[in-house]
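Where a number appears in this text, it was derived from the coordinates with a stated rule and is not lab data. From a predicted model like this one, the values you see are computed outputs, not experimental measurements. Quick reminder, even Gly has a Cβ in these numbers, built from the backbone with ideal geometry, and neighbours come from all protein chains shown.
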Amino acid sequence: MSFEQFIQYIFSGITSGSIYALTALGFTLIYNATGLINLAQGEFVMLGGLMAVAMVALGLPLPVAFLVAVAAVALLAALLQQVAIRPLLPKGVLAQVIATVGASLALRTAAMMIWGREALPLEPFSGDTPLRVAGASLLPQTVWVVGLTLVIVLVLQLFYRRTLTGKAVRACSINPQAARLMGVSYSRVVLLSFIVSGVISAAGGVMITPISFMSYSSGALIGLKGFAAAALGGLGNPMGAVIGGFALGILEGLSVGVISSGYKDAVAFIILLLVLFVRPQGLFGARVVEKE
Amino acid sequence: MTHRGPEAPELTSASSAGRMGDGAAGGTGSPPAVPGAPGRGHVSGGSGGTPGRAFARRNAGFVVLAVVVLCLPLFVSDIYYLSILAFMATRFIVVIGLNLLMAQAGQISLGHAAFVGLGAYGSAILVTKAGFNPWVAMVVAAALSAAVAVVIGIPTLRLKGHYLAMATLGFGEIVLILMIQLKGLTNGTDGITGVPPLTIGGLDFSEPKAYHFLVWGVALVVFLLAQNLTSSRVGRSLRALRRSEIAAESLGVNTSYRKVQVFALSAVLASIAGSFDAHYIQFVSPDQFSITFSIILVTSVVVGGFRSVWGALWGTMVVVILPEVVKRFNEDAVNLVFGLMLILLMIFTPIRFGWLDGLRKRLRRGGGAPSTPPDGGRKRGG
């Protein structure tokens, strides 16, 4: 593998890594608020992408299509939480996990019925003339993806550290009961977490569609890899999720050069199994994973 | 998990004693905890039922099932329906395993299609490429599946939370990738054709009726064994574990070991079912073992409810027959219906009891909805 190729693999790794980071962050927000692993997370990403495709097809300008797609998925996430998750709180996590499995299957099938089986493209945000960096070509869309991902992460960081609402959410993830006693509305925190989770996942979906296209079935893999990233970074740790996402993307990119593109998708799961085996709290596990 | 029966044990005929049913490994002094035939009384692990009657009921239910199933070929001669029935038998075997996993360990596997695939591909490869005897190949594939399940189960089942769901989902994906990429062994996306039908001596099981008796025979044996497992010492310890892990552990139950055991057992059953399918269809290809198939298997368990092994039967029937009906209206909508069913069943039924039991109780009570005790709502993964 030449140096140029190496850089090329790193670029593609960072690009998909951004999406894994956003998806992992999406998992983390819901997990911290509810203790639930949302198996429909990848479907949020997929729907973000396909909604944007649909909006552009309706003639909306790209930025508007982006916002409409993200808003639509946020609404859907809120709906999912209110209709399918909230009533299940007293029934325990297994019931909620099963409900999110159902939601993922239903959303995926609905997307297939609406958009068909083909992977659909979206125009790049600013042309597709590659830039030359260190002998490798860099798509402008990659700059968009990585840049917007970093912006989203920073905004979230500010939100959770600086605003009262953000602090309330964090309080709930640390000790829900104490937070409730302090007057934090737990159910609102959960709803908010689903909405924010939907927003960032959908944004990731819109951004990646110009590069890798989007089909009804893309969400399953992205969701899984997002979870692998979250586990790698330490489930429940937002910064860990972001770092885990980028690390996973880069490892995956390099694996294409070292092994073969056919096994690219296996990298994430091997990492996931290794993490669970060796270090269940992940690289930056803030929380102690309970053993039984 | 902390899900448990919605109310106090409802004993239609109470008095307790403790002789176990046939073949159960339990000692005396422990009440049988397997509900009888569907639609009959509830016997809970808390106290006991009349062993004689429970025994008779269970066996009455089983005998009725066996007679119905084994007489079906007298009335059904259409090849299409016979193959749906045969398909139902192998599906039933897989769902029994998943039912045990969900009911006994409170865990969910989203990679069971991969275990079915391991069985199918294991048989196909060993028989067509290595010249194994099909029955030996089936056992080898099942052993491999058990080993894989142990490897996945040990790290994930000692953690609280639903790591097994994610790990099995990832495992399912890896198996699919291997099926497609290991072209020398698997022929990639083309799959393996020419898997020979099963035979015993001169008996050829490519003949639909002969095969019907074979697979349903196996399914019924698996069903009986699963029932005995739930009423055995293992089953009781697993139920104890679900109610309170701490209490179970303090009584000497090695909880994560038990969970790994059940997971491995469910993998073996899935693998065997996969082997049977491969020999009957005489063809395997990667698209038979998608994640969607894993979710459909979970749907089968949830639809039937996992309070007893009987749930696996009802769930399998509904999930195999429903697509045949929905298909007439819209081919694509089948999975949409399954997805929505999963959500609605979770919302409207007490989780472990399934809608059949919920409905029955509602009817019996005259409308009183069964309630689930609050269990603190959520349990954190870490």
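Listed values, structure above:
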{"read-out": "Pairs beyond 32 Å (Cα-Cα), from A:Lys264/B:Lys327; B:Lys259/B:Lys327; A:Lys225/B:Lys129; B:Lys209/B:Lys327; B:Lys160/B:Lys327", "value": "A:Lys264/B:Lys327; B:Lys259/B:Lys327; A:Lys225/B:Lys129; B:Lys160/B:Lys327"}
{"read-out": "Neighbouring partner chain Cβ atoms per residue of A:82-93, average, 10 Å criterion", "value": "6"}
{"read-out": "Radius ratio Rg over Rh of region B:51-365, counting only Cα atoms, Kirkwood formula for Rh", "value": "0.96"}
{"read-out": "Per-peptide average of other Cβ atoms within 10 Å, ordering A:234-241, B:192-199 highest first", "value": "A:234-241, B:192-199"}
{"read-out": "Relative contact order, percent, chain A [alpha-carbon distance under 8 Å, six or more residues apart]", "value": "37 percent"}
{"read-out": "Region A:226-289: C-alpha pair distances exceeding 16 Å, %", "value": "40 percent"}
{"read-out": "Test item: A:270-278 mean partner chain Cβ contacts at 10 Å", "value": "5"}
{"read-out": "Rg [Å, one decimal], Dmax [Å, integer] - region A:121-180, C-alpha atoms", "value": "18.9, 56"}
{"read-out": "Ellipsoid equivalent to chain A - semi-axes via the Cα gyration tensor, in Å", "value": "30, 23, 18"}
{"read-out": "Where only alpha carbons of region A:101-258 are counted, the Rg and the Dmax (Å)", "value": "18.3, 58"}
{"read-out": "Burial ranking of peptide ranges A:88-96, B:176-184 (average Cβ count within 10 Å, highest at the top)", "value": "A:88-96, B:176-184"}
{"read-out": "Residue of A:Ile271, A:Ile243, A:Ile98 that the Gaussian network model of chain A assigns the largest fluctuation, springs spanning Cα pairs under 10 Å", "value": "A:Ile98"}
{"read-out": "Mean ellipticity per residue at 222 nm, deg cm²/dmol - from DSSP H runs of n ≥ 4 across chain A, formula -39500 (n - 2.57)", "value": "-24500 deg cm²/dmol"}
{"read-out": "Inverse of mean 1/r across different Cα pairs in region B:99-197, Kirkwood, Å", "value": "14.4 Å"}
{"read-out": "Förster radius 51 Å - calculated FRET efficiency between A:Arg180 and B:Val63 (Cβ-Cβ, nearest 0.05)", "value": "0.40"}
